[in-house]
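Read-outs: derived from the displayed coordinates by stated rules, not from any lab. These numbers were taken from a predicted model, which means no experiment stands behind them.
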Amino acid sequence: MTADSTPTEQTAVHTLDEPPNGEGGKQKRPVVWMILAGVAIVAALGLGAWALLLNDDLNDTEAELQAQTAAAESASDEAQRRITEARANIDAALSDVAGIVVVSDEDVAQAEEAVADAEQSVAEAQAAVDQAQSELEQAQAERDLARAEAEQARAEAAQAELCADAQAAATQALAEYDDAAEAYEEAAARAETAASACS
């Protein structure tokens with residue numbers, strides 16, 4: 001301050017050099033830190049909502065997987081039933097052939113037709129089995145994928161929860177300490193922990 005300065009200038013310089021005192025001589029916390037704390041809280045809430053959405057997606061995927069598994073099992077049961085019917089038709093055709101005394105060409109044609117029908121039933125049943133097995137394998141692969149996605153969603157939700165807790169701890173540090181320097185140091189340490197949890 002110079003000797004030429006007026007009392008008004010001295011007061012202005014005096015107020016710039018000294019921090020403003022509120023009641024009891026405490027310093028005011030900067031608004032920036034309060035805004036940062038609010039942003040951290042909003043981010044924590046957003047991460048929590050995101051974790052809930054992931055959980056809903058996981059539940060939907062598991063329900064679809066169960067429905068596909070049930071459909072594959074039903075197709076497999078149907079294929080087994082067709083195979084059993086085809087075997088019964090073959091046995092019936094063979095038993096009729098064994099008991100037939102070939103008297104005419106018509107009897108032979110009927111026997112051959114019965115065998116052809118039985119072979120056709122076996123071919124259809126085998127195709128149904130093959131289709132059921134491929135659908136079952138696909139359903140099992142989709143189930144494995146859904147389980148892997150579920151595990152990933154759980155891990156991401158746990159990380160999001162850890163990140164939210166770390167951010168809340170950093171925000172809480174600003175309010176816990178009466179000394180602003182200690183509060184900022186503790187908040188910075190907790191913010192560093194939050195950054196490592198969220199990376």
Requested in this report: Convert each backbone phi in region 131-136 into a coupling constant with the Karplus relation 6.51 cos²θ - 1.76 cosθ + 1.60 (shift: θ = phi - 60°), then list the ³J(HN,Hα) values in order as whole Hz, x for Gly and Pro.
Outcome: 5, 5, 5, 5, 5, 5
Report task. Note the full-extension length gain between Q110 and A158 as 0.36 nm times their separation in residues minus their Cα-Cα distance, in nm to one decimal. Result -> 10.2 nm
Requested in this report: Enumerate the calculated ³J(HN,Hα) couplings along region 44-61 in order (Karplus 6.51 cos²θ - 1.76 cosθ + 1.60, θ = phi - 60°), each rounded to whole Hz, writing x wherever the residue is Gly or Pro.
Outcome: 4, 5, x, 5, x, 5, 4, 4, 5, 5, 4, 5, 4, 4, 4, 4, 4, 5
